[in-house]
Amino acid sequence: MAKAIYNERGMGTLPLPNRVLALVILACLVTPQIARADDLANATQQFAHKIAAATGPGAVNVTFANSSSLTAKEADLVRNSLLADLSQLGVHAVNADQAAATVAITLSENPQSYVWTALITVGTATSTALIATPRPERPASKANAFAISLQKELLLELPEPILDVAILQEKQSATEIAILDAQAVTFYQQRGGQWIVEQKLPIEHARAWPRDLRGRLMQQADRSLEAFLPGVRCVTRKQSGLALDCQASDDPWPIRAGGSPQSAFFAANRNYFTGDVAPAIGKFTVVPKFYSAAAFWRASYVLWLFTGGDGLLHRVDGMTDLPLKQTAIGDIAAIKTSCGSGDAMLLMSTATASGADSITLYDLPDREPVPASATMEFRGSITALWSSSDGGSATVVVKNRETGKYEAYRLQVSCGQ
């Protein structure tokens, strides 16, 4: 007989027969085709075993967040089924003040799978459990007139600020990543569905960091990593092992990778780029000061968009600098797609009606950005948005307004949805 347990929305576990019925209902909700409830049951059971292996039996505080396309009702069914599985393994959810461990569960997805992640804290030790289960195709919504959609995959959740993420190896989902924060570059590898710290390389710097710290992490062609922070540049080098060589530097930061790299000078005591670019963009060696930039290839030139200090989006084609009608309160990033024009821009917006930051995908068939996806909301403030080194995806960091933790996501574009 299942014990009554606590979760954030005040719902207890389902008795085992009702749990099976809930999974059957969920299977019917998430796909128009006949779906096997035992597939979902296996997924929640496997996930529960991974969590229980890390926490051991006992009292645990469990929180849930849904960052996937599952509706609130569907997410509730998954949650209660998982809590029932945990209860069967002796892991019972209680209030935070009664718990010996905490488990923060996030339901996210990538284009192929639902990705469920648990950040587990036992004492001072933190670990991550992860499982992916196939994501059924959903019927197209009549309310969604866009043929392109954004997909997000939660990579990692940490208590300290994340400045940037580099995905080093990936298959269907990321398997090896590097995280840049104010103190170190940390390498993580996924083993058995959990993120394990492989190596942590401290960042040496003489000056104190500015209040609004930004950082950029880029993977080079030789697979080395280059980290840029205000007044500091670091490079990974293979010696007896992997080391991080950091030097005081006022070198420009990369704002475009691959092909013909483009850099811009960053104001070390501010949170913006000065506008000095290298090499020149057409006739421009200086553009208005900006916070972020995105480049789009054309037949005979490169079209640049900048989020200017005047709050506007600036279009620079090498001959003209034209402020556009779109406001640019947040960051932007370029992302390659196999649909639309092949060039797309991610534009961050702040202060939505729900109090959360959001990102919208814009296509650039010509010179004017055109909305190309539904707006994707996040559960807090976006603190960083960068294109990946190869331009095929982007990473976004969100400070969760409920937990206070920093969540790193990978964004990808899905065509025909």
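Out of curiosity, is ALA43 among the small types (Gly, Ala, Ser) and assigned to a strand (DSSP E or B)? It would help to see each step written out before you state the result.
Details: among the small types (Gly, Ala, Ser): yes; assigned to a strand (DSSP E or B): no.
In short, no.
Starting from the range 370-384, take each residue that is in the same structural domain as GLU407 (by TED's automatic domain parsing) and surrounded by fewer than 19 Cβ atoms within 10 Å (Cβ to Cβ) and list its partners that are in a loop (DSSP other than H, G, I, E, B) and of a type in the set (Phe, Trp, Tyr), counting only C-beta distances under 7 angstrom and pairs at least six apart or across chains.
Listed pairs, sorted by first residue: ALA374/PHE146.
Would you point out the residue of the range 200-259, among those that are assigned to a strand (DSSP E or B) and polar (S, T, N, Q), that is farthest from the chain's Cα centre (by Cα)? Write out each step before concluding.
From the range 200-259, those assigned to a strand (DSSP E or B) are 200-202, 216-219, 225-229, 232-238, 242-248, 253-256; that's our starting set.
Remaining after also requiring polar (S, T, N, Q): 219, 236, 247.
On the way: GLN219: 17, THR236: 23, GLN247: 29 Å.
The qualifying residue farthest from the chain's Cα centre (by Cα) is GLN247.
If you take the residues in the range 230-262 that are under 24 Å from ALA208 (Cα atoms) and without any contact (Cβ under 8 Å) to a residue 24 or more places away in the chain, which one is surrounded by the most Cβ atoms within 10 Å (Cβ to Cβ)?
Ranking the qualifying residues of the range 230-262, first place goes to ARG233.
How about the range 260-291: which of its residues are at positive phi and either of a type in the set (A, V, I, L, M, F, W, C) or outside any strand (DSSP E or B) (or both)?
Just the residues of the range 260-291 that are at positive phi, to begin with: 275, 282.
Correct list: GLY282 only.
Please verify whether ALA356 is touching a Lys or Arg at 6+ places or on another chain (Cβ under 9 Å), closer than 23 Å to ASP212 by Cβ and modelled with pLDDT under 90, treating the condition exactly as stated. Working first, answer last.
Working: touching a Lys or Arg at 6+ places or on another chain (Cβ under 9 Å): yes; closer than 23 Å to ASP212 by Cβ: yes; modelled with pLDDT under 90: yes.
When the stated conditions are applied, ALA356 passes them.
Tell me, which residue of the range 64-104 that is at pLDDT 90 or above, outside any helix (DSSP H, G or I) and not small (Gly, Ala, Ser) is nearest to LEU130 (Cα to Cα)?
VAL103
Does any residue in the range 205-229 that is in the same structural domain as GLU176 (by TED's automatic domain parsing) come within less than 7 Å, Cβ to Cβ, of a residue that is at pLDDT 90 or above and of a type in the set (S, T, N, Q) six or more places away or on a different chain, and which pairs are these?
SER224/THR236; LEU225/THR236
Anything in the range 147-186 that is at pLDDT below 90, in a loop (DSSP other than H, G, I, E, B) and surrounded by 16 or more Cβ atoms within 10 Å (Cβ to Cβ)? List them, or say none.
Selection gives SER173 alone.
Would you be able to tell me the number of residues in the range 306-320 that are part of a loop (DSSP other than H, G, I, E, B) and of a type in the set (Val, Ile, Thr)?
Pass one, the range 306-320, residues part of a loop (DSSP other than H, G, I, E, B): 309-311, 317-320.
Now narrow it down to the ones that are of a type in the set (Val, Ile, Thr): 320.
Summing the residues that are part of a loop (DSSP other than H, G, I, E, B) and of a type in the set (Val, Ile, Thr) in the range 306-320 gives 1.
The values are calculated or read from the model by the stated rules, or taken from the named source; none is laboratory data. Everything numeric here is computed off the predicted structure, so don't read it as measured data. Counting neighbours? That spans all protein chains shown, and the Cβs are built from the backbone with ideal geometry, glycine included.
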